[in-house]
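Nothing in this text is a laboratory measurement; each read-out follows from the coordinates by a stated rule. The model shown is predicted, which means the values in this text are computed figures rather than measured ones. In this analysis, Cβ positions are derived from the backbone assuming ideal geometry, glycine residues included, and neighbour counts consider all displayed protein chains.
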Amino acid sequence: MAQEITGISEKENVLIRAGNCSVTILPQLGGKIASIVVNDHELLQAPLAPRAPRTRTMSFDAADASGWDECLPSVADCKVQTSAGEAAVPDHGDLWREVWETKAKTANSARFHAKCFSLPLALDRNVTLVETEKGWRLSLAYTVTNTGSTPSPWSWSAHPLFTAEAGDTITLPDSIHQFRLEGSGGGRLGKGGDPVSWPIATLVDGSKTDLSVAQPPESGIGDKLFAGPLTADQNWCLLERPKAGVRIKIGFDPTATPYLGLWICHGGWPDRPGSKQTAVAPEPSTAPVDSLAITGPWSRVLAPGESFSWPMTVDFEPIQGVTSHA
């Protein structure tokens, strides 16, 4: 069954729908896409803790750590030097902590505006849900703008936590054979920066594992990987969930967001006691690293008043194999 969406000022929750697919967005809680339901199956990670207001300094795992957030201007907490001085960016960025403004709403679309506080950046996000021949498509259009008077660095990553269970599979274009390791719980895949083969990877103990197949939550896996820069024919990632009866395909434009982050968590995070994530997050990104402070050819700076726009899509296609309602 779908999650019961609760939070602060529930009357502000935004629901868009197309046939048997619905999307619930919480502007008051960081613009979070809190629920995506297809044929009564909830597709997003359930809250690990009650939803509540966030502070500007709390860690991501101190909140509900669920659903779909936008990470801007960094995924990792860091300090960056700008011409206006040092900026301290908190864990998973600014926007999941802020109240977003709903600018427009129809039955199947909504437009939102949000402002960062660590750097002079604003994000506009348009969300549209439509039925297609095979299922449904969620289209997202983003624009980031420098609202300040000095140049500002920035990076963005989508953070859609799709729930996963043992046996679900991740499929990538055949030409993607290797990732860069950002981090791996217990160091099972090595250390940050190491290359990791896809889909069959070698663990530090010399054994092999198939990263493309979801494992049981007791496996305690938590790996973050990056692929890219990617080409025009490497612009998708597929998560197949037979028991939920759905195939989820993430699409993006590598000329705008050239990297794909992949968070694979089968009970391996958070590190604190309590509920754990069981999720796969395909994360189109502007950088192959989580920290804005780590610079390279991917680094981006917006001049005062300058904007940059990019798209993202998620297709939901019903498949055979449903055994029970989730």
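The table that follows gives values for the structure above.
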quantity: Summed residue charge, Cβ within 14 Å of residue 128's Cβ, Lys/Arg positive, Asp/Glu negative; calculated: +3
quantity: Global form of the stretch 184-326, assessed from the alpha-carbon gyration tensor, a/c cut-off 1.5; calculated: oblate
quantity: Label-point separation in nm, residue 191 to residue 20, each point 7 Å along Cα→Cβ; calculated: 5.1
quantity: Of 48, 172, 203, the one that fluctuates the most in a GNM where the chain has Cα springs shorter than 10 Å; calculated: 203
quantity: Förster radius 35 Å - calculated FRET efficiency between residue 232 and residue 204, Cβ distance, rounded to 0.05; calculated: 0.50
quantity: Gained length - residue 56 relative to residue 319, 0.36 nm times residue gap less alpha-carbon distance; calculated: 90.5 nm
quantity: Farthest toward positive dipole pole in the chain [+1 Lys/Arg, -1 Asp/Glu at C-beta], among 171, 151, 93; calculated: 151
quantity: Lys/Arg +1, Asp/Glu -1 at C-beta; the chain dipole; positive extreme among 281, 50, 264; calculated: 50
quantity: Paramagnetic reach from residue 105 (point 7 Å along Cα→Cβ, amide N under 19 Å) across the stretch 12-49; calculated: 12-19, 21-37
quantity: Inverse of mean 1/r across different Cα pairs in the chain, Kirkwood, Å; calculated: 19.9
quantity: The chain, relative contact order [Cα under 8 Å, separation at least 6], %; calculated: 18
quantity: GNM top mover of 275, 152, 212 - the chain, alpha-carbon springs below 10 Å; calculated: 275
quantity: Radius of gyration and Dmax over the Cα atoms of the stretch 75-190, both given in Å; calculated: 18.3, 52
quantity: Net dipole in debye of the stretch 10-318 [+1 Lys, Arg Cβ; -1 Asp, Glu Cβ; about Cα centre; nearest 20]; calculated: 460
quantity: Candidates 219, 22, 59, ranked by Gaussian network fluctuation over the chain, Cα under 10 Å, top entry; calculated: 219
